[in-house]
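The values are calculated or read from the model by the stated rules, or taken from the named source; none is laboratory data. Here the structure is a predicted model, which means the values were calculated and not measured. Ideal geometry is used to build each Cβ from the backbone, glycine not excepted, and the neighbour counts take in all protein chains shown.
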Amino acid sequence: MEHFIIGTWMLFGDLEALFIFVLGLLGGMFFGAIPGVNMLTLGAVILPFTISMEPTHAVMLYSVIYCSGVFGGAITAILFNIPGAPENAPTCFDGYPMTVKGMAGKAIGAAVCCSAIGGVCSALLMMSATGPIANWAIRAFGSQEIFALIFFGLAVSASIGSANLWKGWLSVFAGLLLATIGTDPVGGIPRFSEWSILNWEYKSYYLSAGLHFIPMILGFFAVSEVLVQATAISSGMRQRMKASMEFPSIVEFWKVRYTMVRSIFIGFFAGILPGIGATLAAFLGYSQAQKWSSRKANFGKGEMEGVVASETANNAATGAAMIPLLALGLPGGALTAMILGIFQIHGMEPGPLIFKNSNDLVWITFAAMFWANLLIVMLGWIQTKTVVHVLRIPFRYLAPIILLLATVGAYALRNLMIDVWIMFFAGILGYFMRSTGYSPAGIILGLILGNLGESAFSKSMQLMNYDFLGFFSRPISGILLALGGLAIISSIWTEIKTSRSPQSAIKRTDN
Amino acid sequence: MKIKQIAAYCMCIFLMGSFVSNADTMVTPPDGFGKRPLTMIVPFGSGGGSDQLARAMAKAMGEVAGLDFQVVNKPGGGGTSAIPDFMLAPADGYTVLEHIDNAISAYAAGDISENPAVDWIPLCMTQITFSQIYIRGDEDRFTDWASFEAHAKANPGAVSMANLGKIGSMELVVMDQLQSALGIEINQIAYDKPAERYGALIGGHVDVLFEQPGDVRSFLDSGEMKPILTIFGERPSVFADVPTHQEVGADFEALTRFRGFYVKNGVPDEIVAFLSDACAAGFNTDDYQEFNRSKYMHLIDSFRDTEGSIALINDAVKTYQEMYKILGIGN
């Protein structure tokens, strides 16, 4: 507590620190909230400036960007069906339908409050026990457990965002297949990046790097959304969305309290495992909320509980992701890897010694993340009253801006033109997928978790001398794999049962 | 585009500010060169080891030669994704590539067609380092190389090492040499991200780790890791109590990890000479020396000029090709 007060004092008592804090908060939210670019773009752009900054300020700046950027990504997800980052993808499922229904203000309000609650809770947990938690996680979770967790995550989240279970799984499998493009994680063998047909030989250094999920998200969501809206406009079907500014009431939040608590735990747990992070947290949070909710049937049609579930979970994961970084020097994602780089640029290394050597830095970072999460509510409230007006801009003006920003965002990621082509290709594919009930979010989930899962699986197999049963000799991995298997069996059972029920037969004849 | 331009302007202003203050040890450019910013391509991501080196060197060359650099990261494919763009840029000296010894092993294995000593001109190498084998600080089954070797011989194949996965990489070639020289068998586990490799050792999921000291310095300082073997021809002073591979009976010339800077072949000689001089002068600036010290790059001679770099690359290519023939890798 004492440390926290000192950290807060250092933050608010120092004008320069406060200025950087506010800049980070606004910058993260701004970049997160513009369709096409995201907090990673901002992080890469300002990296050269951090060389001349004090290390404490630089690290604090990035942690604030991290908090507000994850929230900012929710705004575009809700208003335009374009997630700012993969962890905002499940927010689209209910956030965007709410906008269509004229409840944009309510959706953003829910996202704001839940991001703040998730973030604050995980900041509190982080402050109370960073060292012990990090040490527990690193010992308890080897490659086997990480693979089992990813398998479990896929098993329970596969069907979300699609018309039915089969289409959901097909979307995820397509994502898993795309994840195999590029150099394989064990032997460095090129896959799909070079081939020869007859006498024509093809070899791409670019593809050997694999497909990055950011251009895929921009394509599947931003570009395909522009195409979907354009078709609606040209066929005269598009209705101008109502820009409501209504904030959700306390009673509405009270109704979803269990979902919030569940998502906080899911987010925190997924966040502390290096590499798993906020994306799995958001998908798991959403799928579990859907499973346990009394309003199950409304999910995907504009149910506030869905927004609550995914936004609480992904912001809870941000604080947790700082734990392995600070306590062990192990970054879990792209932005935490940049933070590690900042430490190193300043000749420091995060790790166990940081609590002894740079206590100031740790606590100003913790305090900044805590206050950033709290201030999100205030800024979010203002945003609810302002950003929603963007919906009033005619889509024929908005569409080219979105496409332009998406192109910039895709290129700026790695400065590779191929990412732009991949984005447009994914956009066209996404358009047809959406009109046939397949899930672009499922592909993204498969792509991200496929990379992580394959790498964890291959390491596990090497560690266990290629004995698959070894997974079941470890309690955590055994239980997670068994639960995942059960989830698959039960979802198939339910799907078959409902498709044979008289109601769905009526629905089929209607179609 | 806008964002990149702003970033470039800011970088320029920042770099110009730093060279004005150090105008006394300037290297003069050939007429007309360096009036506009140069591009430095980094084949790895922002914030990583190569990125930090490129930024430190860009700053140092700005100080001594008045050059402005725009650092561009093009990560992917173990450093190969950046190569097409570098090869497409005109041979005018305005595009500089930072690269590591991966490019040399990739050429030796036939993964890339460009020979770094022929198709590119190395300006200089400014980081050369050796590898070590690490155990956990609190490991009690073995405490030094002798007890580890005994343990590995008693449990063949059951001892695991966190290492890089790429077949033919410096890491795996060195470990092959070491294992066959000493007659031990260590299960090499392929971890693609450095953080995962370190976490695997600290978390107790593997027994030993193969790495370079600069990358795990924080873990060495905190006592969470300790070296048991240095893979280099002599004992560096900081690790005076750690034996070298030759001392424990493995008789081979150790490959090193090295990072340096290149331009394309075809760049006019006077520009190559100027950039090479600027690199050497930049290497000797206080800031750059401090940077190398923080990365443990001062333990062995870490600098090679153009000639020295070509010799280093050619030696490495020869060693890799010989090893690949034995291991049956590549063309």
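If you check B:F283, B:F291, B:F261, B:F252, which single one turns out to be hydrophobic (A, V, I, L, M, F, W, C), farther than 28 Å from A:L463 by Cα and not assigned by TED's automatic domain parsing to the domain that holds B:S50? Walk me through how you get there before you give the answer.
Values: B:F283 fails: not assigned by TED's automatic domain parsing to the domain that holds B:S50; B:F291 fails: not assigned by TED's automatic domain parsing to the domain that holds B:S50; B:F261 fails: not assigned by TED's automatic domain parsing to the domain that holds B:S50.
Checking each option against the conditions leaves just B:F252.
Can you work out which of the residues in region B:159-194 that are under 17 Å from the mean Cα position of the chain (by Cα), of a type in the set (A, V, I, L, M, F, W, C) and within 12 Å of chain A (Cβ to nearest Cβ) is surrounded by the most Cβ atoms within 10 Å (Cβ to Cβ)?
Checking each candidate, the answer is B:L172.
Test each condition in (1) in a loop (DSSP other than H, G, I, E, B); (2) out of contact with any Lys or Arg (no Cβ under 6 Å at 6 or more places or on another chain) for A:A289 and report the one that comes out false.
(1)
Suppose we filter region A:106-139 for residues that are of a type in the set (S, T, Y) and touching a Phe, Trp or Tyr at 6+ places or on another chain (Cβ under 6 Å); how many remain? It would help to see each step written out before you state the result.
Within region A:106-139, the first condition is being of a type in the set (S, T, Y), and the residues that meet it are A:115, A:122, A:128, A:130.
After this cut, where a residue has to be touching a Phe, Trp or Tyr at 6+ places or on another chain (Cβ under 6 Å) as well, the list is A:115, A:122.
Total meeting the criteria: 2.
A quick yes/no check of all residues on (1) farther than 29 Å from B:I186 by Cβ; (2) surrounded by fewer than 23 Cβ atoms within 10 Å (Cβ to Cβ); (3) within 24 Å of the chain's Cα centre (by Cα):
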| residue | (1), (2), (3) |
| --- | --- |
| A:G442 | yes, no, yes |
| A:L447 | yes, no, yes |
| A:S458 | no, yes, no |
| A:M464 | no, yes, no |
| A:F472 | no, yes, no |
| A:P475 | no, yes, no |
| A:L483 | yes, yes, yes |
| A:A487 | yes, yes, yes |
| A:I492 | yes, yes, no |
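Please tell me if B:S50 is small (G, A, S), touching an Asp or Glu at 6+ places or on another chain (Cβ under 7 Å), closer than 29 Å to A:M348 by Cα and at pLDDT 60 or above.
Yes.
What pairs come out if I take residues in region A:185-199 that are farther than 16 Å from B:A109 by Cβ and pair them with residues that are assigned to a loop (DSSP other than H, G, I, E, B) and hydrophobic (A, V, I, L, M, F, W, C) whose C-beta lies under 6 Å away, six or more apart or interchain?
Pairs found: A:F192/A:I181.
Suppose we keep only residues that are buried (at least 20 other Cβ atoms within 10 Å of the Cβ) and more than 17 Å from A:G332 (Cβ to Cβ) within region B:195-211. Which one would you say is nearest to the other protein chains (Cβ to nearest Cβ)?
Looking at the filtered set, the residue picked out is B:V206.
Take residues that are over 22 Å from B:G79 (Cβ atoms) and aliphatic (A, V, I, L, M) and tell me which of the helices (runs of 4 or more DSSP H) falling wholly in region A:134-225 contain 3 or more.
Values: elements: A:143-157, A:165-179, A:213-217.
Answer list for region A:134-225: A:143-157, A:165-179.
Suppose we filter region A:297-356 for residues that are at pLDDT 80 or above and of a type in the set (D, E, K, R); how many remain?
4
For region A:391-422, name all the residues that are touching a residue at least 60 places away in the same chain (Cβ under 8 Å), within 14 Å of chain B (Cβ to nearest Cβ), out of contact with any Leu (no Cβ under 7 Å at 6 or more places or on another chain) and not aliphatic (A, V, I, L, M).
Selection gives A:T407, A:R414.
Which numbered condition in (1) within 14 Å of chain B (Cβ to nearest Cβ); (2) modelled with pLDDT under 85; (3) buried (at least 24 other Cβ atoms within 10 Å of the Cβ) is the only one that A:P35 fails?
Failed condition: (1).
Have a look at B:N314, B:N292 and point out the one that is within 14 Å of another protein chain (Cβ to nearest Cβ) and either buried (at least 18 other Cβ atoms within 10 Å of the Cβ) or in a helix (DSSP H, G or I) (or both).
On the way: B:N314 fails: within 14 Å of another protein chain (Cβ to nearest Cβ).
The conditions single out B:N292.
Restricting attention to region A:325-370, report how many residues are facing chain B (nearest Cβ under 7 Å) and farther than 22 Å from B:L53 by Cα.
Looking only at that region, the number is 3.
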